[in-house]
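Worksheet for the structure shown next.
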Amino acid sequence: MKIILLGAPGTGKGTQAEKICAHCHIPQISTGNIIREAMKTKTPAGQKAQDFVNSGKLVPDEVVIEMVDDRLKQPDCANGFILDGFPRTVPQAQALESMGVHIDKVLDIEVPDQEIMQRLTGRRVCAECGSTYHIQFNPSQKGENCDKCGGQLIVRKDDQPETVTQRLQVYHDQTEPLKDFYQAKGNLVMVEGVGTVEEITARTLSALEA
């Protein structure tokens, strides 16, 4: 089965991607991993990407699309895959179609912005050992210090309110239009992303059968 997973930052779609991979025995294709692997193995597209990264620029669409095309041709994708982080825009989705890739299901993990803000801005990370906590869902027993090593708990830049707000705005502006794009094709399925991991996973796997 060929699947695309959509969802804003903080929806937990990475966890759901792992669950789907284990259930369906298909690889998870992440844009970030593709770019890093292509640069590491020095593929033609990877060398192009390296030039942009070295100059501090974003890797352009045409290079990312070339990498995705290369990755989807690998033997482990013969029986399907799940795309997480691609496509991010309608032009990327159109490029995917032009490759001749037929997508069976597009799962959209839906979580209200207010819930996402609560999830991300409440996250705390130990500056020493990297252990992760949440002020509401998984607080440290030592308050502002790590239970494991006593290190100071900090808020990552990605989890600061202004950064989360900006990331959500970019998602709504650039990626959310994909829902209409795939809705028109009849393969979009919405999944409620609020609840326990087990509850959300059950909904996600059920959506694959719909």
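The values are calculated or read from the model by the stated rules, or taken from the named source; none is laboratory data. The shown structure was predicted, so the numbers you read here are calculated from the model rather than taken from an experiment. Every residue, glycine as well, gets a Cβ built from its backbone with ideal geometry; the counts of neighbours run over all protein chains shown. These accessible areas exclude ligands, DNA and RNA; they are computed on the full protein's heavy atoms, side chains included. Shrake-Rupley method; radii C 1.70, N 1.55, O 1.52, S 1.80 Å.
Annotations for the structure displayed:
- Extension gain from E18 to Q174, taking 0.36 nm per residue of separation minus the Cα-Cα distance: 53.7 nm
- Set of aspartates and glutamates with alpha-carbon distance to K48 below 19 Å, sequence-local pairs under 8 removed: E37, D61, E62, E66, D69, D70
- Other-chain or far-sequence residues with amide H under 5 Å of H134's (modelled H): R124, S140
- Accessible heavy-atom area order of D173, D158, highest first, probe of 1.4 Å: D173, D158
- The figure for D76 is an accessible area of roughly 80 square angstrom, using a 1.4 Å probe on the protein chains alone.
- Long-range HN-HN contacts of N145 with modeled amide H, under 5 Å: L153
- Ignoring aspartates and glutamates fewer than eight residues from K185 along the same chain, the ones with Cα atoms less than 20 angstrom from its Cα are D84, E97, D104, D108, E110, E176, E209.
- Across segment 128-140, rounded Karplus estimates of 3J(HN,Hα) from the backbone phi angles (6.51 cos²θ - 1.76 cosθ + 1.60, θ = phi - 60°) give 9, 10, x, 4, 10, 9, 9, 4, 10, 8, 8, x, 6 Hz, Gly and Pro being marked x.
- Residue among V68, V53, V90 with the largest mean-square fluctuation in a Gaussian network model of the chain, springs linking Cα atoms under 10 Å: V53
- DSSP-defined beta bridges in the chain - what % are antiparallel, rounded to 5: 35 percent
- The chain - mean residue ellipticity at 222 nm from DSSP helices (-39,500 (n - 2.57) per run, n ≥ 4, rounded to 500): -13500 deg cm²/dmol
- Sequence-ordered 3J(HN,Hα) estimates for segment 89-100 from the Karplus curve with 6.51, -1.76 and 1.60 and θ = phi - 60° stand at 9, 4, x, 5, 5, 5, 5, 4, 5, 5, 6, x Hz, glycine and proline given as x.
- Dipole moment magnitude, nearest 20 debye, the chain about Cα centre, only Lys, Arg, Asp, Glu C-beta charged: 500 debye
- A DSSP coil position with no more than 14 other Cβ atoms inside 10 Å describes the following trypsin sites (Lys or Arg not before Pro) in segment 1-108: K42, K57, K73.
- Choice from Q166, Q114, Q94 showing the highest fluctuation, given a GNM over the chain with Cα pairs closer than 10 Å: Q114
- Residues with amide H under 5 Å from that of I4, placed H, sequence gap 5 or more: L83, K105, V106, L107
- Heavy-atom accessible surface of H102, to the nearest 10 Å², is about 120 Å², with a 1.4 Å probe and all protein chains retained.
- The GNM of the chain, with springs linking C-alpha atoms under 10 angstrom apart, assigns the highest mean-square fluctuation among E37, E128, E176 to E128.
- Rounded accessible area of T89 (nearest 10 Å², 1.4 Å probe): 30 Å²
- Per-residue ³J(HN,Hα) for segment 163-175, Karplus 6.51 cos²θ - 1.76 cosθ + 1.60, θ = phi - 60°, Hz, x for Gly and Pro: 6, 4, 4, 5, 5, 5, 5, 4, 4, 5, 6, 9, 9
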